[in-house]
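This report refers to the structure that appears directly beneath it.
The values are calculated or read from the model by the stated rules, or taken from the named source; none is laboratory data. Fair warning: this is a prediction, and the values are worked out from it, not measured in the lab. Cβ atoms come from the backbone with ideal geometry, glycine included; neighbour counts cover every protein chain shown.
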Amino acid sequence: MAIALAYSSELSPPALAQSPSSPQDASSPQDASSAKSSPAVADFDKYDNDGNGLLSRDEFRGLKTDASGRLATFATIDTSGDGELSREEYASARQATLPTGDPFIRILQRAIEAMDESYDGWKYRPEETVDSTIFTINYNASISTDGQRRLDRGLILHADSDGNRKITRAEAVRFLETQLGIRWITGDLLRTEEGEVVDFANFLRCDINKDDVLTKSEFVDTWWNSETEEQDFESFDVDGNGAVNLSEFAKKPGPYLRNPANIFTRADTNRDQKLSQAELREAIRSPRKHLVSSNIKAFDDDGDDHLSLSEFRVSMLANFNYPWEMRPKDLDRDGLLSYTEFKFHTRDLFQLQRRYYFHRLDRDGNKKLDSTEFDFEPYRLHSLYRISVNGEHSEQIYRNEEFPVVSSPSISPDGNWVLFDASPPERSNLTQIMLMKTNGDDVRDVCKGQMPSWSGSGGRFVCCRYEQGASIWIMNPNGTVHKRIDDGWAAQWSPDGKTIAYTNDNSVRLYDVESGSIRTALAKADHPYQYIYWNMCWSPDSRKIAFKGKTETHEEIGVLSITGVSKIRKLFSTNESMGEDLAWSPDGKRLLFNMYSPPHRR
């Protein structure tokens with residue numbers, strides 16, 4: 001399966017393909033008898049479900065989907081204006097090209113034609129199916145820069161919507177629509193034939209639990225206007241069911257169905273029918289301004305250092321269904337951005353769309369983007385710092401090129417040593433536990449593992465390791481094994497040295513160091529959290545554990561009392577992202593943590 005044609009900067013629609021058994025369309029669309037007998041409209045009866053010799057809007061919608069979006073809009077074809085299509089009107093439509101509103105419909109055409117060709121004229125045998133695994137492996141190979149055949153189970157689920165392990169041509173076309181960002185996996189359109197684009201990036205921002213529906217709490221907590229959030233939710237919730245789906249979010253008229261042509265007109269302040277870099281920088285909102293320079297270079301087809309309306313419409317600047325404001329990172333630290341690194345969201349969305357943009361930005365064709373082709377974020381090495389409690393003094397004590405991701409520092413009871421883990425950029429299972437003096441001297445590679453925590457005496461430490469499954473281990477400071485405790489994660493040794501706390505199947509367990517017994521302090525069914533994070537933290541008196549938990553819409557800091565009846569007290573809640581590490585103050589009165597502070601939204 002080859003999709004290479006989809007990358008072409010030439011977006012003019014090709015002529016409609018002719019059926020082998022019908023090389024010509026009806027020669028005279030105005031001739032009723034000719035239109036009725038022409039093979040070009042033989043599928044008319046197939047979609048005329050009620051047999052009345054006319055196509056309703058719903059019947060036309062099914063035909064149009066099967067025709068891969070090649071036909072013009074219903075209103076354009078319905079020349080009589082009676083709300084139904086006659087055979088004559090449909091015959092005329094068969095000779096029409098796509099509407100000029102949305103260039104991505106034309107890109108979709110190219111992709112479908114390439115797919116049909118790679119499957120030996122699939123459009124002439126639409127009833128035939130392809131194995132879903134083979135289809136997605138071939139698709140992956142066709143859009144990858146190295147041509148490698150890769151299995152992606154997520155893609156299989158998206159392509160094989162009915163789960164029968166077979167892909168029909170109609171399913172393949174729908175799959176390409178979702179991969180190009182024309183349609184979401186729920187079936188909702190993200191682009192219209194008139195060229196409007198759903199601001200899906202904002203929907204993604206609000207949809208915290210990623211279930212493609214905005215609950216009232218999600219909407220209110222993430223909405224840009226805190227003064228009108230309640231009223232705004234009610235206005236979006238058209239059916240009054242207490243949730244906003246994507247079609248309601250992108251309702252017409254509404255603020256999240258963007259019109260690139262209108263944006264272009266407002267930005268064109270000198271009315272010369274093209275946008276300069278200065279006009280674009282003035283018109284594009286701040287989080288997306290970094291796209292201006294690279295997009296002018298990539299989409300300026302006529303080389304005049306400006307973007308015409310057609311050039312602007314196909315650019316990233318006019319596309320609102322992806323959060324382009326998030327700058328991808330150079331994870332492998334080679335000073336270039338690969339297609340694998342060309343991602344803007346935790347969900348792997350719209351791969352064909354991303355591949356198209358990557359191809360356009362890659363002006364030298366070397367399958368990598370340098371900083372002149374696209375403004376990405378260089379990889380920044382993590383460092384460990386030693387900071388005085390009053391904040392007046394800080395110094396870097398560790399930084400490493402090979403293992404630049406460092407976390408989970410644990411200071412020995414005597415204050416002389418620090419254990420921490422260090423990982424390569426991709427955070428693979430190669431994470432090492434390091435030991436060094438708190439002044440940065442005498443750095444030692446101790447063992448494989450993560451999240452070390454000193455014992456109360458400092459004679460040993462506990463950590464998590466991927467050995468015999470994800471499990472908890474007590475280790476000696478020289479890296480040798482003392483014992484394996486249990487399956488689990490996020491182990492923390494209490495300051496008094498008597499107990500090790502860890503998570504197992506979203507419960508909190510306690511290991512008694514002296515007896516070796518294990519008890520559940522917080523059962524999975526006894527708390528509201530979808531997930532309890534790693535790096536819990538004991539209070540100085542070893543009577544409470546602070547932890548980070550995730551609800552449907554928020555991240556929270558809770559405190560679990562382990563004396564008497566275990567109970568949770570919520571200390572803090574936010575819909576922003578918090579860091580993993582927590583620390584009690586020595587007097588047990590305060591907790592230290594870090595969290596993401598978003599930029600001001602315009």
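Please identify the pairs in which a residue from the stretch 386-397 that is closer than 14 Å to GLY440 by Cβ has its Cβ atom under 7 Å from the Cβ atom of a residue that is small (Gly, Ala, Ser), counting only partners at least 6 apart or on another chain.
So the pair list comes out as ARG386/SER394; ILE387/SER394; GLN396/SER383; ILE397/GLY440.
Taking the condition within 18 Å of SER412 (Cβ to Cβ), surrounded by fewer than 15 Cβ atoms within 10 Å (Cβ to Cβ) and either touching a residue at least 40 places away in the same chain (Cβ under 8 Å) or of a type in the set (A, V, I, L, M) (or both), does SER457 pass?
yes
Among the numbered criteria (1) in contact with a Cys (Cβ under 9 Å, 6 or more places away or on another chain); (2) assigned to a loop (DSSP other than H, G, I, E, B), which one does GLY516 miss?
Answer for GLY516: the failing condition is (1).
Of all residues in the stretch 132-156 being part of a loop (DSSP other than H, G, I, E, B) and among the basic types (Lys, Arg), which is farthest from the chain's Cα centre (by Cα)?
Out of the qualifying residues, it is ARG149.
Looking only at residues in the stretch 198-235 that are outside any loop (DSSP other than H, G, I, E, B) and of a type in the set (S, T, N, Q), which one is nearest to LYS252 (Cα to Cα)?
Checked the stretch 198-235; the qualifying residue nearest to LYS252 (Cα to Cα) is SER235.
Going through the stretch 236-286 one residue at a time, which ones are in a helix (DSSP H, G or I) and surrounded by fewer than 17 Cβ atoms within 10 Å (Cβ to Cβ)?
SER247, ALA261, ASN262, THR265, ARG266, GLN277, ALA278, ARG281, GLU282, SER286
Conditions tested, residue by residue: (1) basic (Lys, Arg); (2) under 26 Å from LEU309 (Cα atoms); (3) touching a strand residue (DSSP E or B) at 6+ places or on another chain (Cβ under 8 Å).
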site: ASP102; (1), (2), (3): no, yes, yes
site: ILE107; (1), (2), (3): no, yes, no
site: ARG110; (1), (2), (3): yes, yes, no
site: ASP116; (1), (2), (3): no, no, no
site: LYS123; (1), (2), (3): yes, no, no
site: GLU127; (1), (2), (3): no, no, yes
site: SER132; (1), (2), (3): no, no, yes
site: TYR139; (1), (2), (3): no, no, no
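Could you run through the stretch 110-148 and say how many residues are surrounded by 13 or more Cβ atoms within 10 Å (Cβ to Cβ) and either closer than 19 Å to ARG355 by Cα or in the same structural domain as TYR357 (by TED's automatic domain parsing) (or both)?
18
Can you tell me which residue among THR563, THR553 is assigned to a loop (DSSP other than H, G, I, E, B), of a type in the set (S, T, N, Q), within 26 Å of PHE219 (Cα to Cα) and out of contact with any Phe, Trp or Tyr (no Cβ under 9 Å at 6 or more places or on another chain)?
Going through THR563, THR553 in turn, just one is assigned to a loop (DSSP other than H, G, I, E, B), of a type in the set (S, T, N, Q), within 26 Å of PHE219 (Cα to Cα) and out of contact with any Phe, Trp or Tyr (no Cβ under 9 Å at 6 or more places or on another chain): THR553.
Would a scan of the stretch 157-175 turn up a residue that is outside any strand (DSSP E or B), within 23 Å of ASN319 (Cα to Cα), assigned by TED's automatic domain parsing to the domain that holds ILE112 and at pLDDT below 90?
yes
Name the residue that is nearest to GLN432 (Cα to Cα), counting only residues in the stretch 372-416 that are in contact with a Pro (Cβ under 8 Å, 6 or more places away or on another chain) and among the hydrophobic types (A, V, I, L, M, F, W, C).
Looking at the filtered set, the residue picked out is PHE403.
Conditions (1) touching a Leu at 6+ places or on another chain (Cβ under 6 Å); (2) assigned to a loop (DSSP other than H, G, I, E, B); (3) more than 27 Å from ASP268 (Cα to Cα); (4) not assigned by TED's automatic domain parsing to the domain that holds ARG205, marked per residue:
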position	(1), (2), (3), (4)
ALA298	yes, no, no, no
ASP301	no, yes, no, no
GLU311	no, no, no, no
LEU331	no, yes, yes, no
GLU341	yes, yes, yes, no
TYR357	no, no, no, no
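Only one of these is closer than 22 Å to ILE185 by Cβ and either modelled with pLDDT under 95 or not assigned by TED's automatic domain parsing to the domain that holds ARG205 (or both): HIS290, HIS345. Name it.
HIS345
Go through the stretch 391-400 and give me each residue that's modelled with pLDDT of 80 or more and either in a loop (DSSP other than H, G, I, E, B) or not β-branched (Val, Ile, Thr) (or both).
If the condition is that a residue be modelled with pLDDT of 80 or more and either in a loop (DSSP other than H, G, I, E, B) or not β-branched (Val, Ile, Thr) (or both), then GLU392, HIS393, SER394, GLU395, GLN396, TYR398, ARG399, ASN400 are the ones that fit.
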